[in-house]
Amino acid sequence: IGVGLVGFGLFFLLFGVLLYFDSVLLAFGNILFLSGLVFIIGFRRTFTFFFQRPKLKGTSFFFGGLIIVLLRWPILGMLLEAYGFINLFR
């Protein structure tokens, strides 16, 4: 279930970018991606991954971008999410 949710999340993110940053598709893709991550590695491990002290900057940018996408500013939100994603997974 988790791998399917992550796959659909990535599909909706890609499809949202291809459709000129459609905010509804991007928001749905973000929610599916995060819920799939929770299903794959568990809630506690997901929480500890995102909220480690060295990764707080990346987490804040990632979730800040998610909130901005939900507020219908998709280009700015995706830029913030991308910066946060790079900081989280480097």
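The values are calculated or read from the model by the stated rules, or taken from the named source; none is laboratory data. What you see is a predicted model; the values in this text were computed from it and never measured. Virtual Cβ from ideal backbone geometry, glycine too; neighbours counted across all protein chains shown. Please note that ligands, DNA and RNA were not included when accessible areas were found on the heavy atoms of the full protein model with its side chains. Shrake-Rupley method; radii C 1.70, N 1.55, O 1.52, S 1.80 Å.
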Practice prompt. Restrict the check to region 22-36 and report whether at least one residue is on the phi > 0 side of the Ramachandran plot, open to solvent by 40 Å² or more (accessible area, probe 1.4 Å) and of a type in the set (A, V, I, L, M, F, W, C).
Written response: no
Discussion item. Of all residues being basic (Lys, Arg) and modelled with pLDDT under 95 in region 56-90, which is farthest from VAL6 (Cα to Cα)? Just the residue, please.
Written reply: ARG72
Response to the item:
Matching residues in region 53-78 (surrounded by fewer than 18 Cβ atoms within 10 Å (Cβ to Cβ) and closer than 13 Å to SER23 by Cα) number 7
Fill in: region 19-55, residues that are more than 23 Å from ILE1 (Cα to Cα), free of Cβ contacts under 8 Å to residues at least 12 places away in the same chain and among the basic types (Lys, Arg)
ARG53
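Yes/no per residue for (1) assigned to a helix (DSSP H, G or I); (2) modelled with pLDDT of 95 or more; (3) not small (Gly, Ala, Ser):
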position: PHE12; (1), (2), (3): yes, yes, yes
position: VAL17; (1), (2), (3): yes, no, yes
position: VAL24; (1), (2), (3): yes, no, yes
position: ALA27; (1), (2), (3): yes, no, no
position: LEU32; (1), (2), (3): yes, yes, yes
position: SER35; (1), (2), (3): yes, yes, no
position: ARG44; (1), (2), (3): yes, yes, yes
position: PHE49; (1), (2), (3): yes, no, yes
